[in-house]
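To start, the structure itself, in structure tokens.
None of the figures in this text is laboratory data; all of them are computed from the coordinates on show. Please read all numbers here as calculations on a predicted model, not as lab measurements. Note that each Cβ is placed from the backbone with ideal geometry, even for glycine, and that neighbours are counted across all protein chains shown.
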Amino acid sequence: MNKLPLILGMVFFSATVLAESRGYDLELGPSLSYVDYNEYNEYNDVSQSGTVSGFTARYSAYYPFSVSLLDVSYVNSDIDYKGEGKISSVRNEIYDVRGMIGRAFFLNGAYRVTPYLGLGYRRSTMDSRGKTSSTSVAGYKSQQSYVYNPIGIEIQELMSDQSTWAVGGRFEYDGILSARNETRLGAADGYRSVTLSQRNGRGYHISLRFQHFLNENGSGIVIEPFYKYWSVSGNNSRSVSSRVGNHSSNQWGASLLLSF
């Protein structure tokens, strides 16, 4: 995977196929998804799960030799916690901001294929402070922050005279550049809070899109089911086990976007 950014960069700037100027796309709308988070350590395993809602915003600008992509998403809700007992209705928030550059290629005038790479930041927060678990353990705040490198490809069917519907999708690998996990150890360690820096991690992001065009300018409605996976392990602290702080999450759902 270390050679992939270099290969993609060579493709962007040395390919003989030149993309036409395609203007820009702006997409906004709500999302609904289910989150399943798990954290593992030598004291007790922690899990959080539940349905979250929020919004997605996406801006794409197409130039003759490059494409600029900007994605912003935010979800929040009250989900369930299991660890030292159970706590219901725990506040959960996930922010994700990514900027990418790429190069658009056109296949038979029917599809646009855009390989891309970039930089992203994701933060997930769970806050059960002020609550008490079913085993009389006080709630706490935990947070995971990632800086990552999205590398992927976007495939999009172009608008045609034969149909008002078009399909597409994104397939992406996310390499963790740095991760920070703020959590709490179990009863065996006096519920001590720790902050761990981590670099061993990866993510995957798969989405499909079904777009219905409303006019010849390309405006329309987009239905986008998606799946996101993250896994981070290891830590920089010699005072705790290397297993402490290992965590993973799954998120699957759908967005309903209005495309301008």
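Things worth noting here:
- Built amide H within the under 5 Å cut-off of Tyr140, gap 5+: Ser128, Arg129
- The phi torsions of the range 78-86, fed into the Karplus equation with coefficients 6.51, -1.76 and 1.60 and a -60° offset, translate into couplings of 9, 10, 9, 10, 9, x, 7, x, 10 Hz, rounded to whole numbers, with Gly and Pro shown as x.
- Computed from label points 7 Å out along Cα-Cβ, the spacing between Ile223 and Leu119 is 3.8 nm.
- Remark on Leu177: its backbone amide H falls under 5 Å from those of Val147, Tyr148, Asn149, a criterion applied only to residues 5 or more positions apart or on other chains, H modelled at 1.01 Å from N.
- Within straight-line reach of Lys141, meaning a Cα separation under 20 Å, sit the following aspartates and glutamates at least 8 residues removed in sequence or on another chain: Asp36, Glu39, Glu42, Asp45, Asp78, Asp80, Glu84, Glu93, Asp96, Asp127, Glu182, Asp189.
- For the range 250-259, putting each phi into the Karplus relation 6.51 cos²θ - 1.76 cosθ + 1.60 with θ = phi - 60° gives couplings of 10, 9, 9, x, 8, 10, 10, 10, 9, 9 Hz, in residue order, rounded to whole numbers and with x for Gly and Pro.
- For Thr132, Thr125, order by how many other beta-carbon atoms lie within 10 Å, fewest first: Thr132, Thr125
- Cβ-to-Cβ counts within 10 Å put Asp127, Asp96 in ascending order as Asp127, Asp96, the fewest first.
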